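S.K.: Pasting in a structure now, in structure tokens, and then I'll have a few things to ask.
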Amino acid sequence: SSTPSRKMSEIELKTTPRDPRFPNTNQWQHCWTRYNEWVLCLKRTGLDEDACKQQRKFATALCPAEAVEKWDEQRENGCFAGVQVDE
């Protein structure tokens, strides 16, 4: 039988890579930036979600699900405070 520590070492956790622009433990600004980088990608690619999968993955890995859902809803309703796709 394997020990709990061995099982933990076999788990591979993935998240966004370290970003030197955000050295602090509070990652809220990093989260906001990653979400807006995803929106910028959508803007650049004509809303091609497949081309922007990596940016979305980084945002959803860093940001609380509630924040992403809120921002997605705000974008749909045209009241998102961040990057606008249709500008």
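S.K.: For Val85 and Asn26, FRET efficiency with R0 = 25 Å and r from the beta-carbon atoms, rounded to 0.05? List each step's numbers first, then the result.
M.R.: Numbers: r = 28 Å, r/R0 = 1.11.
After rounding to 0.05, the efficiency reads 0.35.
S.K.: Put +1 on the Cβ of each Lys and Arg and -1 on the Cβ of each Asp and Glu in the chain; which of Thr15, Asn77, Phe58 then has its Cα farthest toward the positive end of the dipole?
M.R.: Thr15
S.K.: A further question follows. With the crude spin-label approximation of a point 7 Å out along Cα→Cβ, what separation in nm comes out for Gln74 versus Leu47?
M.R.: Going by the 7 Å Cα→Cβ label model, 2.0 nm.
S.K.: Need one number for the chain: average projected area of the convex hull over its C-alpha atoms, nm².
M.R.: 7.8
S.K.: Compute the angle between helix 65-76 and the longest alpha-carbon principal axis of the chain, please, reported from 0 to 90 degrees and rounded to the nearest 10.
M.R.: Between helix and principal axis, roughly 20 degrees.
S.K.: Which ³J(HN,Hα) values in Hz, rounded to whole numbers, follow from the phi angles of the range 25-38 under the Karplus curve 6.51 cos²θ - 1.76 cosθ + 1.60, where θ = phi - 60° and Gly and Pro get x?
M.R.: Values, residue by residue: 6, 6, 9, 4, 5, 4, 4, 4, 5, 4, 4, 5, 5, 5 Hz.
S.K.: Here's another thing I want to ask about it. Grab the DSSP H runs of the chain that are 4 residues or longer, score each as -39,500 (n - 2.57), total them, divide by all residues and round the 222 nm result to the nearest 500 deg cm²/dmol. List each step's numbers first, then the result.
M.R.: Values: 4 runs with 46 residues, N = 87.
After summing the helix terms and dividing by the residues of the chain, the value is -16000 deg cm²/dmol.
S.K.: Per residue, what accessible area does the chain have, given a 1.4 Å probe and all protein chains present, in Å²?
M.R.: For the chain, the per-residue accessible area is 74 Å².
S.K.: Starting with the highest mean, order 15-28, 35-48 by the number of other Cβ atoms within 10 Å, averaged over the residues of each peptide. Don't skip to the answer; put the middle values down first.
M.R.: Details: 15-28: 10.4, 35-48: 16.1.
Ranked from most to least packed, the peptides come out as 35-48, 15-28.
The values are calculated or read from the model by the stated rules, or taken from the named source; none is laboratory data. Note that the structure is a prediction, hence the values are computed from the model and not measured. Heads up, the Cβs are rebuilt from the backbone with ideal geometry, glycines too, and the neighbour counts pull from every protein chain shown. Each accessible area value is taken on the protein alone, full model and side chains, heavy atoms only, with ligands, DNA and RNA left out. Shrake-Rupley method; radii C 1.70, N 1.55, O 1.52, S 1.80 Å.
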